[in-house]
Amino acid sequence: MPEPLAETAGRVLRALLGRELATRPELAEALRVTKQTVSAAIVELEERGLVEAVAVQQGRTGRSAVRYALHRGAGWVAGIDLGSARLRVAAARLDGTVVAERLVPNPAPTVSRDWPDQLEVAAHALAEVAQELSESQGGLLGAAIAVPRAVPVRRDLLGSDADDERLLAALAPVAPAAVWTENDVNCEAIAQLRYRPGSAPRSVLHLHVGAGVGVALIVEGTILRGARGRAGEIKALASPIARGRTVEDALSIAGLLHAAGHSSAAPLPGALDDLFAAAATGDSAGESAIADEATGIALLLRDLTAVVDPDLVVLSGALGARRELHGRVVEACRRLGVEPLPAEDPLGDAAPVLGAASLAADLVLDAIAPLR
């Protein structure tokens, strides 16, 4: 991890990342400092290999004006999603631009989120990406991993007395400068802030229904993690419908399959495909289970939105994102008066890895250009 920049250089870097390209006068105006101050900061950033002059434009007076951008070799970050059906790795620049991706299907996907050797597979995929980017993008500055559990304290595992030795041992050959973990549903919500088309919403309730059930909350543009990193851990809440004891028992993939009389040990996504196909061709048990699922999700959203009152509700996950179910949930929400109606996640199953990459970029930036 590079050493922290001087305060003004850090502010200039942040302003530049928000603009992609800018001249020194534009940066001076944006930061309300003198051109001389910006010039000194640019010199520091150039010496550190963080910015470069990329273009010359003619000003109104005929003078040339140099424009600056993030240096092509300034380094990159990685996001890793340890999904139950597939593993993803995404590499991004410090401005969030994705420059490489890897997708590795799980050879035996099930509703369980325990994929043996997935960390070793992730390390191998990350090493491939690092080799691909070493000449064009510089070194790997940090990595964030989307994990299916609460993360009490978000910390750099390489710089602390972390107890997840298996995780670090797997990633050691790639040697990123820093490694963080974050809850996978939180990562999905973080991705909405940077990669969702259109302007970023100020408040989002993000409900994930898949192998597990969880919520992520964005309040005033910031992910709400809670005092112990457990905000949105709703799986132990009472079931909103007459099946299962808890929300996760009732509404997870395993809960739906069990209610329909299908095996929860069957590989995904085929198990869900079979269930929805059977319901569409007249299987009464499957149809009843799916109808109850939609009602249960709508009831859950009614209670959650009453507390949070978000601008946007996003429904995601291997089950929640299925179009056949999503339409039913929307109709059930209409009947219950839930507002706003749940939207589909345009990022799909790439959301966790994109959110992890975005988080890593932000954390690296916080380290080298801390807000003072």
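The figures follow:
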quantity: Failed item, numbered, when ARG302 is tested on (1) within 15 Å of GLY210 (Cβ to Cβ); (2) touching a Leu at 6+ places or on another chain (Cβ under 6 Å); (3) among the charged types (D, E, K, R); calculated: (1)
quantity: Breaking point among (1) among the polar types (S, T, N, Q); (2) touching a residue at least 60 places away in the same chain (Cβ under 8 Å); (3) farther than 29 Å from PRO310 by Cβ, for SER252; calculated: (3)
quantity: Unique residue being under 21 Å from the mean Cα position of the chain (by Cα) and farther than 18 Å from GLY210 by Cα when the list is PRO310, PRO340, PRO346; calculated: PRO310
quantity: Listing of strands (runs of 3 or more DSSP E) fully contained in region 185-269 that carry 1 or more residues being open to solvent by less than 40 Å² (accessible area, probe 1.4 Å) and touching a Gly at 6+ places or on another chain (Cβ under 6 Å); calculated: 204-209, 213-219
quantity: Tally of residues being over 28 Å from GLY96 (Cβ atoms), open to solvent by 20 Å² or more (accessible area, probe 1.4 Å), among the hydrophobic types (A, V, I, L, M, F, W, C) and assigned to a loop (DSSP other than H, G, I, E, B) across region 321-372; calculated: 1
quantity: 3 or more residues modelled with pLDDT under 90 and open to solvent by 10 Å² or more (accessible area, probe 1.4 Å): qualifying strands (runs of 3 or more DSSP E) within region 1-100; calculated: 51-58, 64-70
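The values are calculated or read from the model by the stated rules, or taken from the named source; none is laboratory data. Just so it is clear, the model here is predicted, and its values are computed rather than measured. Cβ sites come from the backbone with ideal geometry, for glycine too, and all protein chains shown count toward neighbours. Calculation scope for accessible area: heavy atoms of the full protein, side chains included, ligands and nucleic acids excluded. Shrake-Rupley method; radii C 1.70, N 1.55, O 1.52, S 1.80 Å.
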